[in-house]
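For reference, the structure discussed in these notes is given below.
The values are calculated or read from the model by the stated rules, or taken from the named source; none is laboratory data. Predicted model, so just to flag it, every value in this text is computed and none were measured. Virtual Cβ from ideal backbone geometry, glycine too; neighbours counted across all protein chains shown.
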């Protein structure tokens, strides 16, 4: 897990997406052009919430999020997603 020097505000969460699958369950390798965008990642930073929203996730949680959730950002050469806590579907 990364040690990122960024602090999300309010109810936002910074997620490090997990790598896309390299091969299928049957052992067929997937080319880069056909890989699905991952929908699972690790929470690396989170805001303190708002008076209406209590933060339910914690740093280090593995979460599932919507396919088009969040805004892609690049910090020190690594890709992350910044999203609202409400974009997170579940903690795994």
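Before we move on, is residue 56 part of a loop (DSSP other than H, G, I, E, B) and modelled with pLDDT of 95 or more?
Yes, satisfied.
Hey, any hits in region 72-91 for a residue that's in contact with a strand residue (DSSP E or B) (Cβ under 6 Å, 6 or more places away or on another chain), surrounded by 10 or more Cβ atoms within 10 Å (Cβ to Cβ) and assigned to a loop (DSSP other than H, G, I, E, B)?
No, region 72-91 contains no residue that is in contact with a strand residue (DSSP E or B) (Cβ under 6 Å, 6 or more places away or on another chain), surrounded by 10 or more Cβ atoms within 10 Å (Cβ to Cβ) and assigned to a loop (DSSP other than H, G, I, E, B).
Which condition breaks for residue 21 when tested against (1) outside any loop (DSSP other than H, G, I, E, B); (2) modelled with pLDDT under 75?
Residue 21 satisfies every listed condition except (1).
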